[in-house]
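Inspection log for the structure reproduced underneath, given as structure tokens.
The values are calculated or read from the model by the stated rules, or taken from the named source; none is laboratory data. Quick caveat, the model's predicted, so the values are computed rather than measured. Virtual Cβ from ideal backbone geometry, glycine too; neighbours counted across all protein chains shown. For the accessible areas, the whole protein counts, side chains as well, though only heavy atoms, and no ligand, DNA or RNA atoms are used. Shrake-Rupley method; radii C 1.70, N 1.55, O 1.52, S 1.80 Å.
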Amino acid sequence: QVQLVESGGGLVQPGGSLRLSCAASGIIFSIFPMGWHRQAPGKQRELVADITTDGATNYADSVKGRFTIFRDNARKMVYLQMNSLKPEDTAVYYCNTGRPSTRNYAPGAYWGQGTQVTVSS
């Protein structure tokens, strides 16, 4: 059974940092590109960052220079380091597996339950 479990969300002040984690089980993690998405109230889910199977990264313009995605294949984990957080980063953040055995990320079948990030003073 495939599971993705996100953690690390919470309430943080503007300018603060959070690190989100996504733990995968039930898959051969190293063959999946991975992505982090977010969904704010009343808005569509959007791709924030993704990482290929060999560690190349891509970012939405809105988070470039502030967020970093990285992965640990041995631990079956993908992370999203978020710095210089802004109120507009407030959303539920989800990790997603891409398509197996493809290098580049495109949204795939498995999603986590999401973790809430709230940026507010």
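Determine which residues of the stretch 11-38 fall in the zone a paramagnetic label at Arg103 would reach in this model, i.e. backbone nitrogen under 18 Å from the point 7 Å along Cα→Cβ. Only 30-35 fall inside the zone, counting backbone N under 18 Å. Within straight-line reach of Lys64, meaning a Cα separation under 16 Å, sit the following aspartates and glutamates at least 8 residues removed in sequence or on another chain: Glu46, Asp50, Glu88, Asp89.
Over the stretch 59-113, Cα pairs under 8 Å with separation of 6+ residues give a relative contact order of 21 percent. Over the stretch 4-121, Cα pairs under 8 Å with separation of 6+ residues give a relative contact order of 37 percent.
Computed over all pairs of different Cα atoms, the Kirkwood value for the hydrodynamic radius of the chain is 14.1 Å. Legend: calculated FRET efficiency, Asn83 to Ser30, from the Cβ-Cβ distance at R0 = 22 Å, rounded to 0.05, equals 0.25.
Leu85: net charge of surrounding residues, Cβ under 13 Å, Lys/Arg +1, Asp/Glu -1, itself excluded? Counting the neighbours of Leu85, the net charge comes to +2. The calculated FRET efficiency for Thr57 paired with Thr118, based on their beta-carbon distance and R0 = 22 Å, is about 0.30. Take the Cβ atoms of Glu46 and Ala74, set R0 to 35 Å, and the FRET efficiency comes out at 0.75.
Of the solvent-accessible surface of the chain, computed with a 1.4 Å probe over protein heavy atoms with every protein chain present, carbon and sulfur atoms account for 48 percent.
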